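Values in this text are rule-based calculations from the coordinates and carry no lab data. These numbers were taken from a predicted model, which means no experiment stands behind them. Cβ sites come from the backbone with ideal geometry, for glycine too, and all protein chains shown count toward neighbours.
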Amino acid sequence: MNAAARADRAVRTIKPATPRENLGCSGASRSGRADGTSRPPRRPPDYPGVMPLPPLVEPVAALSEHERARTVRHASLAGFGELGQRRLRAAHVAVVGAGGLGSPVLLALAAAGVGTLTVIDDDAVEASNLQRQVIHSLADVGEPKIDSAARRIAGLSPETEVRGRKTRIDPTNARELLAGADLVIDGSDTFDTRETVATACEALGVPLVWGTVQEFAAQVTVFWSAPPAGTDPVRLGDLYPTGSVGFVPTCADVGVLGALCLQVGGLMAIEAIKLIAGIGDPLLGRVLVIDSLRGRQREVPLRGAGVEPSVPSAATAPATNSALPEISPAELAAELAAGTAPTMIDVREQHELAGGTIPGSHHLPLGAVLADPTAFAESIGGPVVVICQAGVRAARAARALASVGVDAIVLTGGMDAWAAPHPTAHLSTAGA
């Protein structure tokens, strides 16, 4: 084989044993919804955080070059990467209110690359809003908030579709306004509206990211009436039973710290991203309570009324930290020289390969391994050496592969250790 052919084969991308379908940005499914559609397969346990929930949506097939460049700092996030970014691109999030909480939520989700944002608000921008409603500006005073928000989002994320709904959400229209969304974020400013939104989400079976801010205090949580099997449902009524909330003063009555709205809106956006991409540990069954004056945050557990806590199944229990087999760079180099090296997979992101790869390795990004290791087990076959830059991501991938029966071995120290003794002698350049 000539040098050009060897370089061309230096990094090959492994395809799943069974092709995936329905990767478009519309028609994403989830279990437990009123339409009865199915959710993507449950992910293995070894993922960032303790995440018993699968991702909300299937990813789009590919990102545009512009969107990939714009969101490149997400690409290196272990366990998120391009797969997580493609899930964000496929997602449809409905945001109720473009005010103090809705403003930072919309900015954060648009910047993150969420594909479709429905914005529901019937109000116009006022000068007194600008202390906290950061999506609007002085030039927008008197303009509908949905128009001001749409213009700012377009300048930040041109590929995000904004669906403005200039109407007040109420019990007669809530389900219609929220239908089709994969997730709802409530940034409304009255408790009656919050109850209306929560009731509609319960009927639709979609998760609701919920937050409140008053004076210097705030709360953030997630409600979901129909989560996947093995996860207990939690509803607004479990936190505030019907009729238990009396008069709630508005921010006009008691004031609100503008900077706290940004913090809480950012936290709500993060909860949405975690649920969409299937990473981390969402605030379902926990209420985050924030006291900004004292700089304190604490959690309060929240269990559904009359619900006993579920016992995690073997499929959803956190992975153990048992030692993984490893191979040193010297040992792998010797096996390569002898022609006895096992299959090698490089779980780094595509852009990292430009710095060099181990000849003969296959490229399989970490996010793809963690999302569905079973799909790749048949293609990989026998023993496999897992490679990343320093070894941490390789260990995560190896645990996921081991959980479906693959004999996975970690390259000790990753590419950093491999290149150290001889920076160029044992490297191939991707695309050379």
Self-check item: Two-site label geometry, Tyr240 and Ala154: point separation in nm, points 7 Å out along Cα→Cβ
Solution: 3.5 nm
Self-check item: Local electrostatic count at Ala390 - Lys and Arg +1, Asp and Glu -1, tallied over other residues with Cβ under 15 Å
Solution: -2
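How compact is the stretch 187-243 by the rule of thumb for globular proteins, expressed as Cα Rg over 2.2 N^0.38 Å?
1.14
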Exercise. Report, in cubic angstrom per residue, the convex hull volume of the C-alpha atoms of the stretch 338-415.
Key: 84 Å³
Quiz item: Highest mean first, what order results for 232-239, 336-343, 72-79 on Cβ atoms within 10 Å?
Solution: 232-239, 72-79, 336-343
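Against the empirical 2.2 N^0.38 Å scaling, what ratio does the C-alpha Rg of the stretch 133-213 come to?
Output field value: 1.19.
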Self-check item: Kirkwood-based shape ratio for the stretch 91-301, expressed as Rg/Rh from alpha carbons
Solution: 0.93
Exercise. Report the one residue of Ser225, Cys251, Ser157 whose Cα lies farthest in the direction of the positive end of the charge dipole of the stretch 91-301 (charges on C-beta: Lys and Arg +1, Asp and Glu -1; origin at the Cα centre).
Key: Ser157
Quiz item: Along the three principal axes, how long is the stretch 114-173 when you take its alpha carbons, biggest first, rounded to the nearest angstrom?
Solution: 32, 28, 16
Self-check item: Residue order, fewest to most beta carbons within 10 Å, for Val404, Val93
Solution: Val404, Val93
Quiz prompt | Residues with amide H under 5 Å from that of Val410, placed H, sequence gap 5 or more | solution = Glu326, Ile327, Val386
Quiz item: Quick one: length gained pulling Arg163 to Leu138 fully straight, 0.36 nm per residue minus the C-alpha distance?
Solution: 6.7 nm
Quiz item: Which of Val95, Val386, Val248, Val60 comes first, and how do the rest follow, when ranked by fewest Cβ neighbours within 10 Å?
Solution: Val248, Val60, Val95, Val386
Quiz prompt | Nitroxide proxy distance, nm - points 7 Å out along Cα→Cβ at Ala417 and Thr190 | solution = 6.3 nm
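What's the local net charge at Phe223, with K and R +1, D and E -1, over the other residues with C-beta under 12 Å away?
Local charge sum for Phe223: -3.
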